[in-house]
Every structure is written in C-alpha cells, then in structure tokens.
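What follows is a short report on a single structure.
The values are calculated or read from the model by the stated rules, or taken from the named source; none is laboratory data. Keep in mind that this is a model prediction, so the values were computed, not measured. Neighbour counts are summed over all protein chains in view; Cβ atoms, including those assigned to glycine, are modelled from backbone coordinates with ideal geometry. Remember, those area values only see protein heavy atoms, side chains included, never the ligands or the DNA or RNA. Shrake-Rupley method; radii C 1.70, N 1.55, O 1.52, S 1.80 Å.
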Amino acid sequence: MTTSNSTMPFWKPFVSGVAVTAISMIVFQHYRENSKKKRPKPNIPETQNKELMDSPHLDMRMIRKAEGAIWKRTSRVTVVVERCTNDHNYSAILRTAEALGIQNVYIIAPPIIRTDEVLLSMKGKKIKQGTDEAEGRKLHHLYAQRATEWLTVREFENTRDCLAELRRTGHTIWATDLSQVATCLSQEELPMDTNSGSVVPEKVAVVFGTESVGCTAEMLSGCDLRVYLPLRGFADSLNLSVATALVIHHLFVLDPSIEGDMSDEERMKLRRKWFAKLAGKRLLTSRQKKDRAQLLSTIEQCRDIARKQAEHEDGSGVPLQAEQIAKLQTLPSLQAELSALEKLIETKAEEAVIDLINNPPPPLTDLRRHDEHRVAHISKSTRENNIEFWGGTESHMPATASYHTNENPSTANFFRNRVQHNNVTRRNEKSTQPTSEDSLEQM
C-alpha cells in the first residue's frame, strides 16, 4: 500500500476563502457604485438650467419660483402618516414634506384640526385665547393649510385601505420602527433595488406612525421593510415631525437622484394647478379678499353647527339654539355663493397663465428669498418682547426689518394686466372676424 505525499497545506483553503471574499466585496462595491449612475438628474432644458436667484427686480418672480419648485419636486417618495394624534405634529409634517420637495402625502385617520374658536392642548384641555400658545397653534394650522395647497394629499380611513392602494400603485413600503429587527437607513445595510439601481426603491412609501408608539402591528406586518434612523444619545426616539424631517432629508442624501424625479406629464399638471393658483390669489382686490375670508369663516361656523347637530342626534350633544338653526339653514346659499366666486377666479386665473404653462420662464435654481422678500410669521407679543434685539432695518435682521419693495409691476398687477390684455385681445379678434355676409361675398 502506498501513501501520497501531496497533502494540501493547511493554509491554502483559508487563503482561497479570503481571496473569494475580497473579490466578491470588490465586485459588489463596483456594482453599487455603477448602479448609482443609472438614475440621472431630470433633464432640465439648457435654457432653464442657468443659475438664477430671487431679487427685488426679477420679473415673473412667483412663476419662476413655482417653476423652480416643480423641477425639484419628486413623486418617487410618498410620505405616509399613520394615525398622527397631535395637530401640531400633523401641521409640521405637511410643511416639512412640502419644503423638502415631496409631492405625495398619504394620511391614515387624520387628526381633526378645529378652525373655530376652540383650541385643545395635547391633554385635551382648552387653550386660552390670546396666549402665545394659542397664537402659535393657529400659525401651525395656517402653515399646514398653505402647505397642502402645493401637495397632493390623500386620506384613508384605515391602514388596510392605504396598504391596498400602495400595493396597487407599485410602491415598496418602508415602515419606520425602533425595534431591533429594523434595518438601518444606510448604504451598507439597505438592500439594493434592481429597478432603481439604488438603495432607495424606484417607488417607495415611507410610513411614520403615531406619537410614542409608532406604526401599528398591521402596518409593520404589511410593509416590505422596517427601517430606522440611527441615534447616538440616551434618547432613543424623536418627536414625530422631527423624525419625519430627518428621514426624508436622509433619503435625498442616500440617493440625490430623488430630487426632481417626476414625469413631464406630472410637471405639466403641477404647472396648470400652481400657476393658476398663484394668479387666483392675486386677482382679487383687498375688499374682495376680505369678503371671501368672511364668507369662508361663516361657512366654517355653519359646519361647526352641523357637527354639533350631529352630536345631539347621536345623544352626545346639546340641542341647537334657534339662532344656530337659522344660521345653519343659510349654509347651502353660502356654499353656492362661494362656488360661483371660486369658479370665476379659476376662469380668470387660467386665462392669465395659459401661455406661461406651455412656455414657462427660466426657473429659480436657488429657492431662497432675497432679504427684501423675507418675512417673520410670529405673534405680536413675541415681536414686542424681542424688539430690543430685533428692532428694524438697523438691526440687520432681514426677517424682521419689514422692507417695502417697489416691484414694477407688482405680482398682483402682473396677473391683472395679463387678464386685461387677454380681454382686449379677444375683443379685437372678435371685431376683426368677418360677418356671415362678408364670408359669403368672399366665397
């Protein structure tokens, strides 16, 4: 019997394993780096890609700003808010999503934001009118209202319906979660998406749950991935609106191509909506704006009475007073009046911007306001308490300086002049059209 002297040295399998691992890591890293290049920035026309910033003398300033926001908007990321219970957080999330360029926001069981005289604290207690807290809450409600004008917001009664819609529209669903099974939002730990060539999926919905407790068990079991943003202190969680802001911003860091990821068809829809909205806000005179605001306020008061009537019918409220019943009966006519006014504004606004929609001006590439256009939305008492530090123009604080710009023409006059010009053009065209007798003679 013979024995072989060609026994393999003990170290060869170890070296081979290390080599295979190293090669695999190099190939994987190469794939990740190349994948990031597959999704280029939106193809902005060269004539609209020159650096342009806001200034007091810039023409079509608001239209240019809207166009700039459109080119930075993304529909690739959808923010989902599941059962937020605090109106302050709700308002902050909407404002944050809009400011960071998110277009689509889904709300599951949205909180009720009261617009009447009653404001409630997080513990359900009434907030006294005239206090800084009351003024602050009203400002947050105003921020939310303004933000939704530029967002596409969808509401769902329950988690099941929202999940079904996200599945129907082809979203990958990420649920934010603080458990130890969640995946860190990092290039190293997130799985690569083959469709997007990035760790951020081609179409992703990021879900943020209720304050303190997070996403529901139904959402966690129905999502594709649980994700978390790593923290570095003793606090192991963040305020809901803060967490939403950080996660959204972090997604743009993970994949910068998210910015502007929107189809041309979607951009055109936003132009039609936004340009007309900007014009509509400025076609009314100061008197008409006050009348419209009063009309809206009265309608909201009627709706509040209707809610109280429903509570009474359910056995949980008190009967309505005679004057309340009389006021409620005016609701249909008030709504008809508002509808007619809104339709008139819409028609005039569309006339003012139709050619701008099809041929928009070069956009602002940097959306920061010029110092003369900056304003501070703060309560009167806060301003008075800090007047020593803020002062006026001599304080060198633009947001509190109260500049008075002399735009020529003003944004309001710009849109009004366009409506007037279109009316004159139509009259001239009508006057130059041949009559039926002229047409017969020419034939």
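Might you let me know whether the stretch 278-296 holds any residue that is of a type in the set (V, I, T) and either at positive phi or touching a helix residue (DSSP H, G or I) at 6+ places or on another chain (Cβ under 7 Å) (or both)?
no
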Report task. Scan the stretch 263-277 for residues that are open to solvent by 60 Å² or more (accessible area, probe 1.4 Å) and under 11 Å from L356 (Cβ atoms) and jot them down. Result -> R272
Report task. Please state which one of G280, G260 is of a type outside the set (D, E, K, R), at pLDDT below 95 and crowded, with 17+ Cβ neighbours inside 10 Å. Result -> G280
**Report entry** Subset of the stretch 351-382 (residues that are farther than 19 Å from F275 by Cβ and hydrophobic (A, V, I, L, M, F, W, C))
**Finding:** V375, A376, I378
Query raised in the report: Where in the stretch 148-219 are there strands (runs of 3 or more DSSP E), lying wholly inside it, with at least 2 residues that are surrounded by fewer than 18 Cβ atoms within 10 Å (Cβ to Cβ)?
Result: 152-156
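Conditions tested, residue by residue: (1) acidic (D, E); (2) part of a helix (DSSP H, G or I); (3) open to solvent by less than 70 Å² (accessible area, probe 1.4 Å).
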position	(1), (2), (3)
D304	yes, yes, yes
H312	no, yes, no
L328	no, yes, yes
P332	no, yes, no
Q335	no, yes, no
E342	yes, yes, yes
Report task. Note down all Cβ pairs under 9 Å where the first residue falls in the stretch 299-326 and is without any contact (Cβ under 8 Å) to a residue 24 or more places away in the chain, the second is open to solvent by less than 90 Å² (accessible area, probe 1.4 Å) and basic (K, R), and they're at least six residues apart or on different chains. Result -> I305/K327; G317/K308; V318/K308; L320/K308; Q324/K308
Query - Number of the exception - M262 against (1) under 30 Å from C215 (Cβ atoms); (2) within 18 Å of the chain's Cα centre (by Cα); (3) assigned to a helix (DSSP H, G or I) - result: (3)
Report task. Identify the single condition in (1) surrounded by fewer than 15 Cβ atoms within 10 Å (Cβ to Cβ); (2) modelled with pLDDT of 80 or more that E437 does not satisfy, given that it satisfies every other one. Result -> (2)
Query raised in the report: Picking from L296, L240, L254, which residue would you name as being under 24 Å from the mean Cα position of the chain (by Cα) and crowded, with 18+ Cβ neighbours inside 10 Å?
Result: L240
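Looking only at the stretch 352-382, count every residue that is closer than 28 Å to L100 by Cβ, in a helix (DSSP H, G or I) and open to solvent by 60 Å² or more (accessible area, probe 1.4 Å) and tell me the total. Walk me through it before giving the result.
Within the stretch 352-382, the first condition is being closer than 28 Å to L100 by Cβ, and the residues that meet it are 353, 356-357, 360-379, 382.
Next cut, in a helix (DSSP H, G or I) only: 353, 356-357, 371-373, 382.
The next check asks that each one be open to solvent by 60 Å² or more (accessible area, probe 1.4 Å); those that pass are 371-372.
The number of residues fulfilling the criteria is 2.
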Report task. Please state which of the following conditions S237 fails to meet, knowing it meets all the rest: (1) part of a loop (DSSP other than H, G, I, E, B); (2) out of contact with any strand residue (DSSP E or B) (no Cβ under 9 Å at 6 or more places or on another chain); (3) among the small types (G, A, S). Result -> (2)
Query raised in the report: Here are some residues: H377, H370. Which one is at pLDDT below 85 and within 26 Å of the chain's Cα centre (by Cα)?
Result: H377
